[in-house]
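Values in this text are rule-based calculations from the coordinates and carry no lab data. Just so it is clear, the structure is predicted and the values come from calculations on it, not from any experiment. Neighbour counts are summed over all protein chains in view; Cβ atoms, including those assigned to glycine, are modelled from backbone coordinates with ideal geometry.
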Amino acid sequence: MALYWDADKVPDHERKLEENPRMPTCLMWAGFAIGLGDITEENLKEWVYRLRRSTFEGRPLLMYPDGTPYEITEEILRPWIGLRTNIKNITNAEFDAIMRKRTNR
């Protein structure tokens with residue numbers, strides 16, 4: 001299945017895409033890893049929680065060239081509220097099961 005993103009509902013999306021054209025793709029792949037598709041006001045804290053848990057219990061999704069984890073924070077995500085993807089959301093229980101399997105618990 002091909003993955004795609006749509007930023008049409010992101011406020012001021014044209015400027016944001018011009019300034020940081022790779023961010024939607026980065027967030028799409030991050031969402032794929034944590035089982036969340038769209039970024040909304042309602043699920044913003046869940047994005048942050050799952051990204052942090054994935055980084056600290058598993059492995060970082062993103063890293064700087066020196067190997068230091070790059071944390072995607074609420075401040076980074078908030079401007080991208082409205083970003084939509086075709087990624088299927090998974091439940092918290094499904095995410096927990098995936099994390100437990102990744103960490104051999």
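Side notes on the structure shown:
- Using 0.36 nm per residue and subtracting the Cα-Cα separation, the extra length available between A97 and Y64 on full extension is 9.1 nm.
- Loop GluC sites (Glu not before Pro), the stretch 6-88 (other Cβ atoms within 10 Å of the site Cβ: 16 or fewer; DSSP): E41, E42, E71
- The computed Rg and Dmax of the Cα atoms in Å for the structure shown corresponds, within [x] 13.7, 44; [y] 25.0, 72; [z] 22.2, 61, to [x].
- Think of each Lys and Arg Cβ as +1 and each Asp and Glu Cβ as -1; about the Cα centre, that makes the dipole of the chain roughly 600 debye.
- Cross-link partners of K88 among lysines, defined as those whose alpha carbon lies under 22 angstrom from its own and excluding same-chain residues fewer than eight positions apart: K9, K45, K101.
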